[in-house]
1. I'm told Arg169 meets every condition in (1) farther than 22 Å from Asp86 by Cα; (2) surrounded by fewer than 17 Cβ atoms within 10 Å (Cβ to Cβ) except one. Can you identify the failing condition by its number?
2. Any idea which of (1) surrounded by fewer than 21 Cβ atoms within 10 Å (Cβ to Cβ); (2) outside any helix (DSSP H, G or I); (3) not aliphatic (A, V, I, L, M) is the one Arg117 doesn't satisfy?
3. Taking into account only those residues within the stretch 131-150 that are buried (at least 23 other Cβ atoms within 10 Å of the Cβ) and away from the ligand (no atom under 11 Å from the Cβ), which is farthest from the chain's Cα centre (by Cα)?
4. Name the residue, out of Ala171, Ala163, Ala158, that is in contact with a helix residue (DSSP H, G or I) (Cβ under 9 Å, 6 or more places away or on another chain), in a helix (DSSP H, G or I) and under 23 Å from Pro220 (Cβ atoms).
5. Restricting to the stretch 67-97, give me the number of residues that are away from the ligand (no atom under 12 Å from the Cβ) and surrounded by 23 or more Cβ atoms within 10 Å (Cβ to Cβ).
6. Among the residues of the stretch 32-59, what is the count of those that are crowded, with 22+ Cβ neighbours inside 10 Å and in contact with a strand residue (DSSP E or B) (Cβ under 6 Å, 6 or more places away or on another chain)?
7. For the stretch 234-275: of the residues being part of a helix (DSSP H, G or I) and surrounded by fewer than 12 Cβ atoms within 10 Å (Cβ to Cβ), which is modelled with the lowest pLDDT?
8. Please go through (1) away from the ligand (no atom under 12 Å from the Cβ); (2) under 23 Å from the mean Cα position of the chain (by Cα); (3) of a type in the set (Gly, Ala, Ser) for Gly271 and return the number of the only condition it doesn't satisfy.
Amino acid sequence: MTRLSYDFEDAVAIVTGAARGVGRAIVHQFVDARARVVAADRDADGLAETCAGLGDRVVAVTGDISTEAGAASIVGAATAQFGRLDICVNNAAVAPHASLFDETVEVWDRVYAVNCRGTFLMTRAAAKVMIAQGEGGRVINFSSGVSNRGSAGAAAYASSRAATESFGRVAAIELAPHNILVNTVSPGLIDTQPKPLPPRMAEALAARIPTLPLARPGKPEEVAQLVLWLASPASSYVTGSIYCVDGGAGVGVRPKGEIVDDDIRYDWVTGRKRS
Ligand SMILES: NC(=O)c1ccc[n+]([C@@H]2O[C@H](COP(=O)([O-])OP(=O)(O)OC[C@H]3O[C@@H](n4cnc5c(N)ncnc54)[C@H](O)[C@@H]3O)[C@@H](O)[C@H]2O)c1
């Protein structure tokens, strides 16, 4: 994949959800761009795989972003290990699906605890450090294309991601006086599902992928490139925005075959002659 190159040599970044998927790709791209990185996740084994061979520019922290203690330990690792914090990428999330009738209160609350409370706790803890440093900073939150369309089984996940978008707008306003820029990345279908795919998921994806405008899932690296741009000086006048990285999924479906208008009402507009 062709990448823009960045130099984050002086910057310290936190990446949550770093044990796999998009988070792992973000960690690797930050390290390639010479950042120092706190890679955080609740999955210690996955974190160890992400960080293998990356050397002392990365510190792995096992923690739960949905608790104040977890968020504090992740942010504390940045200052303890690297002495500062410039970028906080709140990528960790959970997305279990269930029908309205099968959804339990416990699962609903857990989804909100991770996706909403976790994003809030991490943003607040990171912003306190950035404000004390007095040099601004970046917070990059995550949403999903499903936040603004209906998708069966996604009541908790979709609504929690919509809440993250709303939270990001408020945080952007409150943190702007400190030159802390807050933006949200909204991916479409990204190829992070553990393989082999369970049969129902394989069937659903096989039906969905050809309908995507680009007719393929995105790669975690393609999401990471957007994150690095939002963390870089190139996006210095961007805050409070939501960026889709979805291969066009948010605007429609891939057209099938030739585009033909055979609506006779518009023959007078098009000048079409019928035989
Ligand atoms: N993959 C997609 O198709 C897709 C689509 C739309 C949006 N997204 C968003 O992109 C982001 C990354 O997606 P992904 O597919 O790489 O996710 P993933 O499920 O593959 O990985 C998420 C990581 O977050 C960690 N995590 C979960 N809860 C945590 C907690 N409480 N504390 C710490 N870590 C925790 C998990 O252990 C896991 O390593 C998410 O925010 C997701 O909502 C993904």
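The values are calculated or read from the model by the stated rules, or taken from the named source; none is laboratory data. Every value quoted in this text rests on a predicted model; they were computed, and no experiment measured them. Here the Cβ is made from the backbone with ideal geometry for all residues, glycine too, and neighbour counts use every protein chain on show.
1. The failed condition is (1).
2. Tallying (1) surrounded by fewer than 21 Cβ atoms within 10 Å (Cβ to Cβ); (2) outside any helix (DSSP H, G or I); (3) not aliphatic (A, V, I, L, M), Arg117 fails exactly one: (2).
3. Gly137
4. Values: Ala171 fails: under 23 Å from Pro220 (Cβ atoms); Ala163 fails: under 23 Å from Pro220 (Cβ atoms).
Of the residues listed, the single one that is in contact with a helix residue (DSSP H, G or I) (Cβ under 9 Å, 6 or more places away or on another chain), in a helix (DSSP H, G or I) and under 23 Å from Pro220 (Cβ atoms) is Ala158.
5. Going through the stretch 67-97 one residue at a time, the tally reaches 6.
6. Of the stretch 32-59, the ones crowded, with 22+ Cβ neighbours inside 10 Å are 35-41, 47, 50, 58.
Now narrow it down to the ones that are in contact with a strand residue (DSSP E or B) (Cβ under 6 Å, 6 or more places away or on another chain): 35-40, 47, 50, 58.
Result for the stretch 32-59: 9.
7. Initial filter on the stretch 234-275 (part of a helix (DSSP H, G or I)): 234-235, 264-270.
Filter again for surrounded by fewer than 12 Cβ atoms within 10 Å (Cβ to Cβ), leaving 264-266, 268-270.
On the way: Ile264: 94, Arg265: 96, Tyr266: 94, Trp268: 95, Val269: 95, Thr270: 91.
Applying the filter and picking the extreme gives Thr270.
8. (2)
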